[in-house]
Amino acid sequence: MKFARPKERRVREHILPMINVVFLLLIFFLLSAQIAPPRPIDISLPMATSEQDAQTEESIYLGADGTVAYFELRDEAAWAALNAQEAKDATVSVFADAQLEAIRLANVLSRLRNNGFVKVNLITEN
């Protein structure tokens, strides 16, 4: 007696474990990604009550000791790079340390105005 051979079943690949791994990797990269570049010098921002957020292209940082940072440049090199900017109508964000003396901040703002920058945002923490 001859029996009929059963049809060979195709082996199905299990895709669920691969989807789980992809989502875990996605979550890992989202959590470990850096949304904003780190500040070039350590500063603690003063507190403010305004709800307006500033989104600008140019940012300078003022340390408590008066150090001026623009990207990786410091002090006079930072000023030289700012002076070389052709788009003087761009808004400049100033991140000043809360312990910075007001006279130093006033000098920086005056120097920015003298260099042709007319739109300045002083960034604070809410």
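The values are calculated or read from the model by the stated rules, or taken from the named source; none is laboratory data. Please read all numbers here as calculations on a predicted model, not as lab measurements. Note that each Cβ is placed from the backbone with ideal geometry, even for glycine, and that neighbours are counted across all protein chains shown. Just the protein is used for accessible areas: all its heavy atoms, side chains included, with ligands, DNA and RNA removed. Shrake-Rupley method; radii C 1.70, N 1.55, O 1.52, S 1.80 Å.
Miscellaneous remarks
- With only Cα atoms counted, the range 72-114 has Rg and Dmax values of 11.1, 32 Å.
- The chain: relative contact order as a whole-number percent, Cα under 8 Å and 6+ apart: 27 percent
- 3J(HN,Hα) from dihedral phi, the range 23-34, Karplus parametrisation 6.51/-1.76/1.60, rounded to Hz, x for glycine, proline: 5, 5, 5, 4, 5, 4, 5, 5, 6, 8, 6, 9
- Whole-number Å³ per residue for the convex hull built on Cα positions in the chain: 201 Å³
- Report note on the peptides 2-13, 24-35, 88-99: ranked by the mean count of other C-beta atoms within 10 Å, highest first, their order is 88-99, 24-35, 2-13.
- Total charge dipole magnitude, the chain, about the Cα centre, Cβ charges on Lys, Arg, Asp, Glu only, Debye to nearest 20: 1460 debye
- Heavy atoms of the protein chains alone define the surface here; on that basis the chain has 81 Å² accessible area per residue at 1.4 Å probe size.
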